[in-house]
Amino acid sequence: MMENMLLTALGRACVHGGALALVVWLLAKGMRRVPLSLQRWGWWLVCAKTLLAFTGWVWISLPLLPADTEWKPAEPYEPYRLAHEQRAELPATPSITQATSPVASPPIQGQPLMLADYAPAALAWLWVAMVVALFVGMGRRWAQIERRWREARPLDDARWRAHVHRLCVQMELPSVPQVRLSEGDHPPMALIGNRVLIAERLWEQLSDEERTTVLAHEFAHLQRGDAWWSLVPMLAQVLFFFFPPIRYAMRQWELGCEVASDAIAMRVAECTPYAYGSLLLKIAERMRPVATPLGAGTTHNFRHLRTRLQQLTPARLTTAWLSVLTLGLVALLALPWQVTAQVKTPKKDALVRQLRALAGADWREAFRVGLQLASLPPDTGYALLKQHWNRLPVHARRQMLKAFYYTLPYPLSPRMHPKLVPVLELGATDRSPSVRDWVKTYLQDLALREFRDTESLRAWFAQYRNLPAAQVVRAHWEPFLRDLPKLPPAEREARLMRLAESFVWLREPTVVRPLAARYRLHAVLAETLYANRMDASKLRLLEHVLRCLLTLSRSEQELRPAVAPLLDPQQPCATAVRALTVDILSDSQCAWVTPQLIALAQHAVKQPVEPELWMELAEAFCRLEVKQALPTLRAMRARAKSPTLRENIKRAIMELERL
């Protein structure tokens, strides 16, 4: 459920952000000679890493957890078999072992809920309410600052306007900031939009040297873009208001920005530490601190003021290379990563003996050995296969192709086997016509194009043999998807059939899904589904389109508009197409479709008997464990005339009554 996914994401982000915050804190305490102006980037990376972990982005997987004691093949994948495998009467490959998130499954309908079942939802809604309240408060504070800016008067003194221009030239600013004087007692602020706001009362009490120092300090914030960089810590502080390390990181970021601007202001204004410290004390004594979102230079409290005063004294800093090395280490740790289990692979010598023994083995043993080869390091597995390729029987060579094509052994992107194209090239040059046919079918699935003869295969491999499989997919799929909306309906349906039959959707989502989103494939599939909903002769095309939509859709909101006309009893639709839709959507991942199925069944029981649709509805209610459908199923059974249909509905009623 959504609340469990939200709490899981929050917990994951706290673990990743807390671990990096501990590392940065230890480095800051152990290397005190690293300046605060450099330490602040470590705390910025803490906030950025927390946000990345919250979104669930993973770039690097670290296989550090112990592997299972018993070796298991590395994620073979085959949702349904290709045509050439069906002709060879090969049973389906074991289904892919997908990593499931710790999301609690929805409770069985009719089962009483305990008080603890409501705790995740309550915590999630409490978090949402607090985040909304914090965003509203931040918006109000920003609106107050904007109103104060509009009411402020520009710096109209010609002498000081000329001085501001000279100061911008000295600091090499790309443009001259707007400086305004406002009413009230607030510290100087550098705002987004190249603006500086200073209290008029403070401006009148400062000397010319102090005014120059204040302007140099605020211009230093604008020069480095501190207000823009502060967006990441500010967003992290709002989303993780309950997490102390994030609040500490935000304070350290603000302190580092102030210390860096202090150093620049002292250098530009040629101010002594004593004079600059006196200026800081004067501002802190006479001004009231203001929390300013999307601004910089407004942090004033006792601890920060004391630290800033201490940083004014010249101190021997660490060498530049050590500072850069420390920051680089923190940046490396800030990359999105996750710890995974190690894949325990068989030994090379044992695999060599198994390859030599495949002459008298059946296809099942050959496929098992192929999975082990595909799970080895890419160069090692491919070298062993190439060395023994010509000694393997024909059925074993076919299973090697199948194992490398369907295996996903790598946690890093791309998920496709790096040596897939070279392995297919071995099969393309094989002496057996059946092996070459298997290669041709796999390539048609991978590249979405026809290979009618051996010469076309050789030309393809000559062009793409040195590219990774993921890059091959991108090179072929992008023009295919780009031209899809421009084609006539008949040719578009033929291309959609080939596209939907491809297995690459689930095997390489990091490549295919962004391309599909860029060229609006989801809309094309939904349009095809709606246009052919009355044509039962295109049932195979519609089945592939529905499964492709399920793969592309990441949420209920994306899938519901496409399938709603097929489940709406008031919308015209062929009975076979409607029954197919019910069959495909009757899955635990599509439990949201239950109300539509109940409404469809209640409408169908009042119409003439449709055995195919009634049977699919009964099986769907069983799979989804919908006890609310029992009265409708009993009415269906009373009206059904076919003994087979009555028996299937009776079996569904009995299974639901046992829940």
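The values are calculated or read from the model by the stated rules, or taken from the named source; none is laboratory data. The shown structure was predicted, so the numbers you read here are calculated from the model rather than taken from an experiment. Virtual Cβ from ideal backbone geometry, glycine too; neighbours counted across all protein chains shown. Keep in mind that these areas ignore ligands, DNA and RNA; they rest on the heavy atoms of the full protein, side chains included. Shrake-Rupley method; radii C 1.70, N 1.55, O 1.52, S 1.80 Å.
Given contacts defined as C-alpha pairs under 8 Å and at least six residues apart, what's the relative contact order of the stretch 542-659, whole-number percent?
Reported relative contact order: 22 percent.
Non-local amide H neighbours of Thr407 (under 5 Å, H modeled in plane, Pro and chain starts lacking H): which ones?
For Thr407, the qualifying residues are Tyr77.
Separation of the stretch 1-27 and the stretch 455-470 by C-alpha centroid, Å?
Using only Cα atoms, the two centres lie 44 Å from each other.
Per the 1.4 Å probe, what fraction of the accessible area of the stretch 466-588, in percent, lies on carbon and sulfur atoms?
Carbon plus sulfur share of accessible area: 51 percent.
Could you work out the relative contact order of the stretch 422-576? I mean the mean sequence separation of Cα pairs under 8 Å and 6+ apart, divided by the number of residues, in percent.
Over the stretch 422-576, the number comes to 20 percent.
What would the Debye formula give as log10 I(q)/I(0) at q = 0.28 Å⁻¹ for the alpha-carbon point model of the stretch 156-208, no solvent?
Values returned for q = 0.28 Å⁻¹ are -1.24.
Give me a comma-separated list of calculated 3J(HN,Hα) values for the stretch 140-157, in order, Karplus coefficients 6.51, -1.76, 1.60 applied at θ = phi - 60°, integers in Hz, x for any Gly or Pro.
These are the phi-based 3J(HN,Hα) values: 5, 5, 5, 5, 5, 5, 5, 5, 5, 5, 5, 7, 6, 9, x, 6, 9, 6 Hz.
Using alpha-carbon positions, what is the distance between the centroids of the stretch 214-240 and the stretch 568-607, in Å?
Cα centres, the stretch 214-240 to the stretch 568-607: 54 Å.
Kindly write out, for the stretch 195-212 in residue order, the coupling ³J(HN,Hα) from the Karplus curve 6.51 cos²θ - 1.76 cosθ + 1.60 (θ = phi - 60°), rounded to whole Hz, with x marking Gly and Pro.
With the stated coefficients, the stretch 195-212 comes to 10, 10, 10, 10, 5, 5, 5, 5, 4, 6, 8, 9, 7, 4, 5, 5, 4, 4 Hz.
Amide H to amide H, which residues 5 or more places from Ala199 or on other chains are under 5 Å from it, using H placed in the peptide plane?
Hits under the 5 Å cutoff: Ser182, His186.
In a shell of Cβ-Cβ distance under 14 Å around Arg431, excluding Arg431 itself, what net charge do Lys and Arg (+1) and Asp and Glu (-1) give?
+2
Tell me, what is the percent relative contact order of the stretch 348-430, built from C-alpha pairs under 8 Å that lie six or more residues apart?
Result for the stretch 348-430 is 30 percent.
Sort the following peptides by mean Cβ neighbour count (other Cβ atoms within 10 Å, averaged over residues), highest first: 551-560, 482-491, 20-29.
20-29, 551-560, 482-491
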